[in-house]
Amino acid sequence: MPHVTPQQKDLPLDLVVAIGLQLIYGIAHLALISIGLAIIFGMMRVINLAHGEFLMLGGYVVVVSTNNGVNIWVAMLILAPLIVGLIGVIVERLLIRWLYGRMVDTLLATWGLSLLLIGLVTSIFGASTATTVAPPLGVLRIGAYSSSAYELFLIGVTIVLGIAIWLVLKLTKLGLVARGTMQNAEMASALGVSTSRIYMITFGLGAAVTGLAGGLLAPVTGVLPNIGATYIAKAFITVISGGASILAGTAAGSVLLGGIQGVVTFLSGPTFGEVGLLLTAIVLLRLMPRGITGRFFRKSL
Amino acid sequence: MKQTGTLREMRPTLIFAFLGIVFMFLAPHVLQLFTIINLTTAIALAVLALSLALIWGYGGILCFGQVAFFGLGAYVYTMAAINFGGSTWAVLVAIIVTSAFAAVVGYFMFYGRVSDVYLGVITLTVTLILYSLLRRTSGPEYKIGKALLGGFNGVSSPPINLPWDTRTLLFPEHIFYVAMGALIICFVFAGWLVTTHFGRVCVAIRENETRAELLGYDTRAYKLGIFTIGAGIAAVGGVLFCNGVGRITPDVFGLYNAALTIIWVIVGGRGTLIGPIIASFALFYLTSALGGQSLLNNNLVLGVILIFFVLLVPKGLAPTLIDWVGARRKGGPTRTRRRNPRGTDA
Amino acid sequence: MSISRRKFIVGTSAFALASPALMGRAQGSDKIIFASILDLSGGLDIYGAPMAEATKLAIEDINAAGGLLGREVELKLYDAQSSIQLYTQYATQAAAGDRAATVHGGITSASREAIRPTLARFKTLYFYNTQYEGGVCDFNNFNTGSTPAQTVAKVVPYAMNKFGKKVYIVAADYNYGQIIAEWMQRFVKENGGETLGVEFFPLDVTNFGPTINKIQQAKPDMVLSALVGGAHVSFYRQYAAAGMNKDIPITSTTFGIGNEHKLISAEEGNGLLAAYSYFEKVDNPENKAFLERMDAKLGANRPTMNELSVRSYEGAMLWAEAVKLAGSIDHDPVWQALRSGLSYTRPSGKLTIDPQTNHVIQNVVLAELQDQEFNILESFADQPPSDTAMVCDLVADPTLSTFYFENGLAAAGIK
């Protein structure tokens, strides 16, 4: 099947801006779906295979609550993180806390959780749920091109979210204790920190951030019980490639992988875009066996 | 002296192998025809479980993409069998090509000192690349020799034929014997391998890589060795799988199957070979049975079972059983190998 | 090993002798088994769940009318969980274990190709009730869904007439999408149009920004879409978010059968064109009654009935008609009855089995999406499966069992 692409002419400025915006959005999108996983993995060494389902739950909160008349901004920015965060705390108390220090067993437990959540949502809402949500912001005109203003908003939210997490980690007592626990849990525990409480809060926070991301993506993606599977591998690969530092790792991973995916997609289509992302991750991990932040920005958050 | 020592150590393996042989000859007389036909697929998956049990449970290599070798084995077999017009050499080619591929991937990783979860991600990524690429290979231009790759829909796999007569194809109910025989051979081989010097060094590396290295072992070479052997066993599973299903499609490389392989080993118990095999059979039976009911959502039931399992049987099936039997026999608690408390190198 | 080798040969010959007995249907059991294999969990359940409900309704209706040949029909419903391996397993179980009189099901072509050989081997009549890319030529397999020569051939000229002749194609990156894209290009060319670009997307792509830029760059008059599955719903949303749905309309041959029109809001979907052999607004009394019973069964929030689900109902009914005509549930008499020009009317309209291809001559309907509902624009009665007929003749050779378009149209010698 020959791949037919439109005639490549010289690049006018508006096209360059439009493509540039898409590249940045691709990166922000990757960061947004990964950051919650990075918090949970970076702090707790728990690989949360139910991460995709937390994103899905965020989307469902928005779809179901707007169907019942809730304002979309309230649903996306408040309800989605709140409810998914709460679910995260419940999951941590009932399931994850028995498994600390057993990273591999958390794989099994969270995979079970992922199936359970898909099954639960399907049983309650059916295989698909009608929606009334549309992107709440208008169209962004760039010369002859147009894009969604909502994408610009999502880029902004991703940056703000990053700054907020940085501030929490850097400036608050919780952040200090969490960083301490992250670096050496036994030492922190010996110094009187309740690691159990820190873990609960961290898991809840990670889930809340994921719920927020899922909620924010609800107006521009399909919301279905099985949709989590489309995110989990990409998020997982981004976080591991980034390395142990939550923010620097996610940022570096997203910029590199998302950037390469975007460029390859523009040049030769989305299938090779995905392959490009995957190949980059392999080469990256070969060169830096502990992820990007295992070599660079080691002191960063 | 050494001979008898190996034999004693291999006694449980040989007992299970014997039970397997009994099952192989008894089952077709007891079970229904369709069960025997479908068992080939289950056995193929059990071989895959065995291969990961070997490289993860004994080699300490967390390979998230063991299905890559399984699927590759199936694809290479299918391509070769179509081109050769017979299955015997195709099986050998499948095992050799898959092992060679694993050796390249393994060299790339182990000699780059990639380990731990990072290694898991590389192997998973290799799997997903195969998935993405094979999915788009529909069309007459994507072919190897005479055999078209077939894209997402896959290719139908020629059944195994008698080694001396390429025209006598085996019926699915007879491939059951081949599959069961292959599983038993792979199981005994793996059971023997872990009692050899090579196997012991691999276990030593799993327990403490630095110490093994200080003792003068080139840990990279040992890891590469067990990884390549494991891939070869997975390829055998792949050959059986495409015979059982009658077809090979790219969805074997999907994330679900990649995760499922890991799940078998955790459920069965790391550090045993029989555990993951039993777990793969149990989960195979469970998913098959669930698909025949429509009372409850399948995902819901499977999810609940797995969660309860990880909480109640944290060590996995086989080690828990061994403990239980040991406790009853000696009248006191015995413990299987304690798991690395941080679990990070597992 | 030598013992087991000898056993193979002995076993093989024993099997040859024993097989007629094995193939025979279970005697004595008074229920007729009707097996259905569909994906009711996993990524394809958006398609499978409504199909299963329609199949259940069909069996209820058959039994309410006194069953078949005085016997009750029992539905064995298997959930293949979006896994090809389970399809083969359940097909074997249904044919050799349940001794089902017929097996219906399969959603993707991959799943159909996985079970077709198994059911042919056990001589169990197989119905595939899904719209697909055409080209299956199998004596034992009845394909009741619409094919490109029925739908694409109608909707492409209609849309070109309405929107313009320059077309951009977006399709799912697998066999179905690629073959449909070939048909689309063919029909665009035949109608004097021009294809400006073709782009394929893996099934898990959720970010379509780069493509939307490319479409803006190419400036087509319309977009033809053959996108598939939950993730691809994102395309329609992002397309609308960039304001594109107002300027460059979309025409699709896949939108709606996965309930997509409910998964995007009214303003995002308005104006989209689609073509199938059935929409809920098809006007006839039987369809009304069918939908009312669906409402009663599943409640007001039930999934929209589409070609896939209605055809699952009608496929079961076609088989039941053939059993009545044949006066038997055995393979050969029912097979002959099915190929005797058998037809069944409603809810989608008249369906007639074409013995040359084992496909179905059916109505084709074009519709426009407005406020999450498809309004019918135009109907075409009795459309033949002329694409498959180009390569397949089961009248001349009733032993064929091939999928001609498996590797594209060029491989089948077309164009």
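The values are calculated or read from the model by the stated rules, or taken from the named source; none is laboratory data. Since we're looking at a predicted model, the values are computed, not measured. Because the Cβ atoms are built from the backbone with ideal geometry, glycine has one as well, and the counts that use them run over all protein chains shown.
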Q. If we keep just the residues of the range B:24-39 that are free of Cβ contacts under 8 Å to residues at least 60 places away in the same chain and of a type in the set (Val, Ile, Thr), which is farthest from the other protein chains (Cβ to nearest Cβ)?
A. B:Val30
Q: Mind checking which helices (runs of 4 or more DSSP H) fall wholly inside the range C:163-268 and carry at least 2 residues that are under 24 Å from A:Glu151 (Cβ atoms)?
A: C:209-218, C:233-241, C:244-247, C:260-263
Q.
Out of C:Ala100, C:Ala65, I need the residue that is of a type in the set (Gly, Ala, Ser), crowded, with 24+ Cβ neighbours inside 10 Å and more than 15 Å from the chain's Cα centre (by Cα). Which one?
A. C:Ala100
(Q) Looking at the structure I just gave you, is C:Tyr126 part of a helix (DSSP H, G or I), more than 13 Å from every other protein chain (Cβ to nearest Cβ) and of a type in the set (Ser, Thr, Tyr)? (A) no
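So, A:Val177, is that one crowded, with 17+ Cβ neighbours inside 10 Å, free of Cβ contacts under 8 Å to residues at least 24 places away in the same chain and not in a helix (DSSP H, G or I) or not?
On the way: crowded, with 17+ Cβ neighbours inside 10 Å: yes; free of Cβ contacts under 8 Å to residues at least 24 places away in the same chain: yes; not in a helix (DSSP H, G or I): no.
In short, no.
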Q | Residue, surrounded by the fewest Cβ atoms within 10 Å (Cβ to Cβ), within the range C:292-318, restricted to residues that are in contact with a Gly (Cβ under 9 Å, 6 or more places away or on another chain) and not in a helix (DSSP H, G or I) | A | C:Asn301
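Please verify whether the range A:232-245 includes one or more residues that are outside any helix (DSSP H, G or I) and under 23 Å from C:Ala231 (Cα atoms). Don't jump to the end; show me each part of the working.
Start the filter on the range A:232-245 by keeping residues that are outside any helix (DSSP H, G or I), which leaves A:243-245.
Applying the additional criterion that residues be under 23 Å from C:Ala231 (Cα atoms) yields none.
No: the range A:232-245 contains no residue that is outside any helix (DSSP H, G or I) and under 23 Å from C:Ala231 (Cα atoms).
Sort through C:Thr206, C:Thr211, C:Thr195 and tell me the only one that's surrounded by 24 or more Cβ atoms within 10 Å (Cβ to Cβ) and facing chain A (nearest Cβ under 8 Å). I'd like the intermediate steps shown before the answer.
On the way: C:Thr206 fails: surrounded by 24 or more Cβ atoms within 10 Å (Cβ to Cβ); C:Thr195 fails: surrounded by 24 or more Cβ atoms within 10 Å (Cβ to Cβ).
The match here is C:Thr211.
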**Q.** Residue ID - nearest to A:Ile19 (Cα to Cα), chosen from residues in the range A:147-166 that are within 11 Å of chain C (Cβ to nearest Cβ) and free of Cβ contacts under 8 Å to residues at least 40 places away in the same chain
**A.** A:Ala149
Q) Which residue pairs have Cβ atoms closer than 6 Å, lie 6 or more positions apart in sequence or on different chains, and pair a first residue in the range A:122-138 that is more than 8 Å from chain C (Cβ to nearest Cβ) with a second residue that is assigned to a loop (DSSP other than H, G, I, E, B)? A) A:Ser123/B:Asn297
Q | Subset of the range B:142-154 (residues that are more than 9 Å from chain C (Cβ to nearest Cβ) and either free of Cβ contacts under 8 Å to residues at least 12 places away in the same chain or in a strand (DSSP E or B) (or both)) | A | B:Ile144, B:Ala147
Q | Flag if B:Pro250 is at pLDDT 90 or above, buried (at least 18 other Cβ atoms within 10 Å of the Cβ), over 30 Å from B:Glu9 (Cα atoms) and within 14 Å of chain A (Cβ to nearest Cβ) | A | yes
**Q.** Selected residue (only one of A:Ile87, A:Ile19, A:Ile47 is part of a helix (DSSP H, G or I) and farther than 30 Å from B:Gly139 by Cβ)
**A.** A:Ile87
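Residues being in a helix (DSSP H, G or I) and surrounded by 22 or more Cβ atoms within 10 Å (Cβ to Cβ): count how many of those fall in the range C:319-333. Before the answer, list the steps.
Restricting attention to the range C:319-333, the residues satisfying the condition of being in a helix (DSSP H, G or I) are C:319-326, C:331-333.
If we keep only those that are surrounded by 22 or more Cβ atoms within 10 Å (Cβ to Cβ) too, we end up with C:319-320, C:322-323.
Looking only at that region, the number is 4.
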Q.
For the list (1) touching an Asp or Glu at 6+ places or on another chain (Cβ under 9 Å); (2) under 23 Å from C:Val365 (Cα atoms); (3) surrounded by 23 or more Cβ atoms within 10 Å (Cβ to Cβ), I need the number of the one condition that C:Asn143 fails.
A. (1)
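Could you grab me the full set of residues in the range C:125-139 that are of a type outside the set (Gly, Ala, Ser) and buried (at least 22 other Cβ atoms within 10 Å of the Cβ)? I'd like the intermediate steps shown before the answer.
Taking the range C:125-139 first, the residues of a type outside the set (Gly, Ala, Ser) are C:125-133, C:136-139.
If the condition is that a residue be of a type outside the set (Gly, Ala, Ser) and buried (at least 22 other Cβ atoms within 10 Å of the Cβ), then C:Leu125, C:Tyr126, C:Phe127, C:Tyr128, C:Asn129, C:Thr130, C:Gln131, C:Tyr132, C:Glu133, C:Val136, C:Cys137, C:Asp138 are the ones that fit.
Out of the residues in the range C:28-79 meeting the condition of being of a type in the set (Val, Ile, Thr) and assigned to a helix (DSSP H, G or I), tell me which one is farthest from C:Pro202 (Cα to Cα).
Top of the filtered list is C:Ile62.
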(Q) Conditions first: (1) more than 7 Å from every other protein chain (Cβ to nearest Cβ); (2) over 22 Å from B:Leu50 (Cβ atoms); (3) surrounded by fewer than 21 Cβ atoms within 10 Å (Cβ to Cβ); (4) not charged (D, E, K, R). B:Gly112 passes all but one, so which condition is the exception? (A) (1)
Q. Given the residues A:Leu285, A:Leu279, which is the only one that is surrounded by fewer than 21 Cβ atoms within 10 Å (Cβ to Cβ) and aliphatic (A, V, I, L, M)?
A. A:Leu279
Q. Looking at B:Leu283, B:Leu224, which one is surrounded by 19 or more Cβ atoms within 10 Å (Cβ to Cβ) and under 26 Å from C:Ser111 (Cα atoms)?
A. B:Leu283
